[in-house]
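S.K.: Dropping the structure in here first, questions after.
The values are calculated or read from the model by the stated rules, or taken from the named source; none is laboratory data. Just so it is clear, the model here is predicted, and its values are computed rather than measured. All Cβ positions, glycine included, derive from the backbone under ideal geometry; neighbour counts span all protein chains shown.
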Amino acid sequence: MEIKKAILVLALSAVPVGMASAETLNSVVSAAVLSSPQVQSVMNARNAVFEEVKQAKGGYFPKIDIGAGVGWEKTKVFPGDDTELKRTEANLSLNQMLFDGFLTSSEVGRQSARLDSVNHRLREIAEETALETARSYLEVLKRQSLVVQADNTLMTHVRIFEQIRRRSDSGVGTIASIKQAEGRLALAEVNVLSAQNNLLDAESAYQRVTGLKVGPSLEDPSIESSWIPATFEQALERAYKQHPTLKLAAADVEAARHQYESSRSLMFPTLNLEVNRTWNNNIDGIEAPNEDITAMVRMRYNLYNGGSDKARVRQTRHQIDEARNIQADAARQTLQSLDLSWNAYEILGRQLDYLEQHVTATESTRDSYLKQFNIGQRSLLDLLDTENEVFSSQNAFNEAIYDHMLAQYRVLSSTGELLDVLELDLKALQSTTFVQNVAVASPTLMERLRKLNPF
């Protein structure tokens, strides 16, 4: 579509020759996601859970303790006098879990499921941030092109006004024609100011989302048709397979199941290997060293705990049901989000052809009216009205172009594929050495991050 291409480059036509290369949506999204406080907050939560997995796995390993003490001891001996001695103690103990009712394995499973959950949460918040960044990026591009269109319309009204003024000076035009032209010229000035104000608002929103000011030039993104599912059913299938919200909910169900298994471990006895070595002196009124070593397999079993353990089991069973309900709700929300995104994508796609036809028709009408006006067959009011209609049709078509782009990105976000399309790898975020990894991969990005957060 030639008109579409022409409108898309309107904003670029105002960029001076020799200006630095334009920023791309991919680079802006990458910087916005990696520097987002929300993303970094989830990243730190993820790293905390990663350490909790290590803590849970510690239950498989032996525990070694040492102890030492020195002090005064008074021993009552029957019959005889009290004995007072300076007592010293030292001990070394090793405790190896042999069986704990599957408590350790359940805790490892629970924490691992929580790690999966927070990893998917990291992906989810990164997808949301990427979509908001794309939205603000496209909004700036749209507003920039609308400013250029408003400027072009203003220049057209200036030319018409000058033409009418020259006619009036030569005695052909009328005072009413000049006043009409002046009024429409003032309205064109207002349209320029309104477009500039909207652009400033868009740039402010861009800075809030990305943490960066709008660069001197933004490159228009291109969307490959192969990225978008051919049908809604295909989009739905992709969403159910890889949407991070659904994976997060499934991981939470798994974590709840392991928590239930962990609570049931309280119903089993525990079995431990305990090895102790002591070095004591002056113990129990005997003024002499006392050393011993023991190696015991020890079983402990709680027979009654006031019903607390059974209540804990019932509680965790309800938490499994709660997690499953949340999972079902997440599926409904994902379906609704995809449904809305797909509807916007399809309807806006259909509107584009009609809006383009409208632009072509109004421009053709405007050109015809201009020729007829020059030979006196059309009034000035007719010419000004059709010029405003051209301006309105171009604005509507321009907005639809960028709204359709955004709808495509919304579809990709609803299927969980936006980050893949924008070529943003989250592996660096899912590492406990995130800062070092980013520094190696992108020094320029790290410089930006330091400017944003010098502390």
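S.K.: May I ask you to list the residues in segment 280-316 that are more than 58 Å from the chain's Cα centre (by Cα) and of a type in the set (S, T, N, Q)?
M.R.: Scanning segment 280-316 gives ASN280, ASN281, ASN282, ASN290.
S.K.: Mind telling me which of the residues LEU141, LEU115 ends up being touching a strand residue (DSSP E or B) at 6+ places or on another chain (Cβ under 6 Å), over 30 Å from ASN280 (Cβ atoms) and either hydrophobic (A, V, I, L, M, F, W, C) or in a strand (DSSP E or B) (or both)?
M.R.: Exactly one of LEU141, LEU115 is touching a strand residue (DSSP E or B) at 6+ places or on another chain (Cβ under 6 Å), over 30 Å from ASN280 (Cβ atoms) and either hydrophobic (A, V, I, L, M, F, W, C) or in a strand (DSSP E or B) (or both), namely LEU141.
S.K.: Run down ALA235, ALA255 and say which single residue is under 19 Å from LEU115 (Cα atoms), buried (at least 18 other Cβ atoms within 10 Å of the Cβ) and either polar (S, T, N, Q) or in contact (Cβ under 8 Å) with a residue 12 or more places away in the chain (or both).
M.R.: None of the other options fit; the residue is ALA255.
S.K.: What pairs come up if the first residue lies in segment 90-102 and is of a type in the set (Asp, Glu), the second is part of a strand (DSSP E or B), and their beta carbons are under 8 Å apart, counting only those six or more places apart or on different chains?
M.R.: The qualifying pairs are ASP100/THR270; ASP100/LEU271.
S.K.: Select, from TYR409, TYR354, the only residue that is aromatic (Phe, Trp, Tyr) and over 33 Å from the mean Cα position of the chain (by Cα).
M.R.: None of the others qualify; the one that does is TYR354.
S.K.: For SER341, which of the numbered conditions (1) of a type in the set (Gly, Ala, Ser); (2) modelled with pLDDT of 95 or more; (3) at positive phi fails to hold?
M.R.: So the condition that SER341 fails would be (3).
S.K.: Only one of these is free of Cβ contacts under 8 Å to residues at least 40 places away in the same chain, loosely packed, with under 14 Cβ neighbours inside 10 Å and assigned to a helix (DSSP H, G or I): ARG314, ARG298. Name it.
M.R.: Among ARG314, ARG298, only ARG314 is free of Cβ contacts under 8 Å to residues at least 40 places away in the same chain, loosely packed, with under 14 Cβ neighbours inside 10 Å and assigned to a helix (DSSP H, G or I).
S.K.: Take the residues in segment 144-171 that are outside any loop (DSSP other than H, G, I, E, B) and among the small types (Gly, Ala, Ser); name whichever of them is surrounded by the fewest Cβ atoms within 10 Å (Cβ to Cβ).
M.R.: In this case the residue turns out to be SER168.
S.K.: Condition (residue is in a strand (DSSP E or B) and surrounded by 15 or more Cβ atoms within 10 Å (Cβ to Cβ)) applied to segment 328-339: is it met by at least one residue?
M.R.: Within segment 328-339, not a single residue is in a strand (DSSP E or B) and surrounded by 15 or more Cβ atoms within 10 Å (Cβ to Cβ).
S.K.: Continuing with the same structure: When the residues of segment 73-106 are narrowed to those that are touching a Lys or Arg at 6+ places or on another chain (Cβ under 9 Å) and of a type in the set (Asp, Glu), which ends up farthest from ALA56 (Cα to Cα)?
M.R.: It comes out as ASP82.
S.K.: OK, next. Is it the case that some residue within segment 210-224 is over 30 Å from GLY109 (Cβ atoms), part of a helix (DSSP H, G or I) and of a type outside the set (D, E, K, R)?
M.R.: yes
S.K.: Taking LYS63 as the residue in question, decide whether it is surrounded by fewer than 17 Cβ atoms within 10 Å (Cβ to Cβ), at pLDDT 90 or above, under 48 Å from the mean Cα position of the chain (by Cα) and not hydrophobic (A, V, I, L, M, F, W, C).
M.R.: Yes: the conditions hold for LYS63.
S.K.: So, one more: Look at ASN437 and say whether it is assigned to a helix (DSSP H, G or I), under 22 Å from the mean Cα position of the chain (by Cα) and modelled with pLDDT under 95.
M.R.: Yes; evaluated as a whole, the condition is true for this residue.
S.K.: Given the conditions (1) assigned to a helix (DSSP H, G or I); (2) touching a Lys or Arg at 6+ places or on another chain (Cβ under 8 Å); (3) among the aliphatic types (A, V, I, L, M), report the number of the one that LEU271 does not fulfil.
M.R.: (1)
S.K.: Moving on. Just to verify a result, which residue in segment 366-395, among those that are touching a Ser or Thr at 6+ places or on another chain (Cβ under 7 Å) and modelled with pLDDT of 90 or more, is nearest to MET155 (Cα to Cα)?
M.R.: That would be PHE391.
S.K.: Just to be sure before I move on: is THR133 of a type in the set (S, T, N, Q) and closer than 30 Å to LEU426 by Cβ in the structure I sent?
M.R.: Yes; evaluated as a whole, the condition is true for this residue.
S.K.: Scan segment 276-290 and tell me whether some residue there is under 30 Å from GLN315 (Cα atoms) and surrounded by 11 or more Cβ atoms within 10 Å (Cβ to Cβ).
M.R.: Checked segment 276-290: no residue is under 30 Å from GLN315 (Cα atoms) and surrounded by 11 or more Cβ atoms within 10 Å (Cβ to Cβ).
S.K.: Which of the residues that make up segment 76-91 are over 29 Å from GLU274 (Cα atoms) and surrounded by 10 or more Cβ atoms within 10 Å (Cβ to Cβ)?
M.R.: The answer is VAL77, THR83, GLU84, LEU85.
S.K.: Scan segment 352-364 residue by residue and report those that are of a type in the set (S, T, N, Q) and surrounded by 15 or more Cβ atoms within 10 Å (Cβ to Cβ).
M.R.: Across segment 352-364, the qualifying residues are THR360, THR362.
S.K.: Sticking with this structure for a sec: Does segment 96-111 include one or more residues that are crowded, with 20+ Cβ neighbours inside 10 Å, within 24 Å of the chain's Cα centre (by Cα) and either under 30 Å from GLU399 (Cβ atoms) or modelled with pLDDT under 95 (or both)?
M.R.: No.
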